[in-house]
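Undergrad: Please see the structure below; I have some questions.
The values are calculated or read from the model by the stated rules, or taken from the named source; none is laboratory data. All values derive from a computational prediction rather than experimental measurement. No Cβ is skipped: glycine too gets one built from the backbone with ideal geometry, and neighbour counts run over all protein chains shown.
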Amino acid sequence: MNNRDYLSPLSARLTKRWFVLRHGQSEANVAGIVASQLANAETAFGLTGHGREEVENSVRPAREDLLATPPLRIVTSPFLRTRETAEIAGVILGVQPITDHRLIERDFGDYELLPDAHYHDVWKVDPTDPENVPGHAESVYEVTGRVCDLILEVEKNPDIETCLLVTHCDVAMILSCAFQNLDPRHHRSLDPIKTGEVRHLIQAPVQ
């Protein structure tokens, strides 16, 4: 995907209700390291006790809204921290989560397992040169493409009316740009989603 067609994936009117849930505080968050690759984070860097509380304290108040238009599907990134988040949400909502690799964390490339201050090395380039990201990190357009592919696939499923996507911060914010018809280069300009936070994604009209 390039900067000429970043809006095209969600240009059609969406009919489902969409929510996103960022995983709760993880061991990687506490350690201050980048854990963005499945090889390192599929079975490690799970939720802290505080992270579990964040998810419960966010999902329980949103339960009525999430279940207002059934059937509900919970789709989660396969990382340990997101699977654990989805399991907590699933118990509260009475829904068994399924995994989908299109919701994985944005790959921060050569910065993997380094101090998380390196996130800023990528973020500062996103607005100006998103296709030449330092450290071989995944571009915002690549993230947009894979997540919107999932959105459009679910939209075709008649057995789903509401979908809760359990994912990671950059993925959630880039997805928010797609719903708001904003260039994903500017995902850091939006109000960042907090750990354990549920957000209702509402599609803005295409101009």
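Undergrad: If only one of 82, 15 is under 29 Å from residue 186 (Cβ atoms), β-branched (Val, Ile, Thr) and not in a helix (DSSP H, G or I), which one is it?
TA: On the way: 82 fails: not in a helix (DSSP H, G or I).
Just one listed residue meets the conditions, 15.
Undergrad: Just one of the numbered conditions (1) aliphatic (A, V, I, L, M); (2) touching a strand residue (DSSP E or B) at 6+ places or on another chain (Cβ under 9 Å); (3) more than 26 Å from residue 123 (Cβ to Cβ) is not true of residue 152; which one?
TA: For residue 152, the exception is condition (2).
Undergrad: Kindly list, by first and then second residue, each pair from a residue in segment 47-74 that is under 12 Å from residue 88 (Cα atoms) to a residue that is basic (Lys, Arg) and in a loop (DSSP other than H, G, I, E, B), limited to pairs with Cβ atoms under 9 Å and residues at least 6 apart or on different chains.
TA: Cβ pairs passing all conditions: 54/194; 58/194.
Undergrad: Another question, then. Out of everything in segment 35-89 that is surrounded by fewer than 20 Cβ atoms within 10 Å (Cβ to Cβ) and hydroxyl-bearing (Ser, Thr, Tyr), what residue ends up being nearest to residue 20 (Cα to Cα)?
TA: The selected residue is 69.
Undergrad: Could I ask something else about it? Go through segment 131-150 and give me each residue that's in a helix (DSSP H, G or I), surrounded by 16 or more Cβ atoms within 10 Å (Cβ to Cβ) and touching a helix residue (DSSP H, G or I) at 6+ places or on another chain (Cβ under 6 Å).
TA: Here is the first cut: in segment 131-150, the ones in a helix (DSSP H, G or I) are 134-136, 140-150.
Restricting the remaining residues to those that are surrounded by 16 or more Cβ atoms within 10 Å (Cβ to Cβ) gives 135, 140-148, 150.
135, 140, 143, 144, 146, 147, 148, 150, listed by residue number.
Let's see how each residue does on (1) of a type in the set (Gly, Ala, Ser); (2) modelled with pLDDT under 95:
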site: 68; (1), (2): yes, no
site: 73; (1), (2): no, no
site: 85; (1), (2): no, no
site: 107; (1), (2): no, no
site: 110; (1), (2): no, no
site: 125; (1), (2): no, no
site: 144; (1), (2): no, yes
site: 149; (1), (2): no, yes
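Undergrad: Looking at (1) farther than 19 Å from residue 25 by Cα; (2) crowded, with 19+ Cβ neighbours inside 10 Å, which is the only condition residue 94 fails?
TA: (2)
Undergrad: Return the residue satisfying two criteria in turn: it lies in segment 105-130 and is among the aromatic types (Phe, Trp, Tyr) and within 19 Å of residue 44 (Cα to Cα), and of such residues it is surrounded by the fewest Cβ atoms within 10 Å (Cβ to Cβ). Spell out how you get there, then give the answer.
TA: Of segment 105-130, the ones among the aromatic types (Phe, Trp, Tyr) are 108, 111, 119, 123.
Then keep just the ones that are within 19 Å of residue 44 (Cα to Cα); that gives 108, 111.
On the way: 108: 25, 111: 21.
In this case the residue turns out to be 111.
Undergrad: Related question: Report, ordered by the first and then the second residue, all pairs with beta carbons closer than 9 Å, sequence separation of six or more or different chains, a first member in segment 106-120 that is in contact (Cβ under 8 Å) with a residue 60 or more places away in the chain, and a second member that is in a strand (DSSP E or B).
TA: From segment 106-120, the pairs are 112/33; 113/33; 114/33; 115/33; 116/33.
Undergrad: Then there is this: I need the full set of residues from segment 151-189 which are at pLDDT 95 or above, more than 14 Å from residue 16 (Cβ to Cβ) and not in a helix (DSSP H, G or I), in order please.
TA: Hits for segment 151-189 are 166, 167, 168.
Undergrad: I'd like to know if segment 86-94 contains one or more residues that are of a type in the set (Gly, Ala, Ser) and without any contact (Cβ under 8 Å) to a residue 60 or more places away in the chain.
TA: Quick first cut of segment 86-94, residues of a type in the set (Gly, Ala, Ser) only: 86, 89-90, 94.
Then keep just the ones that are without any contact (Cβ under 8 Å) to a residue 60 or more places away in the chain; that gives 90, 94.
Scanning segment 86-94 turns up at least one residue that is of a type in the set (Gly, Ala, Ser) and without any contact (Cβ under 8 Å) to a residue 60 or more places away in the chain.
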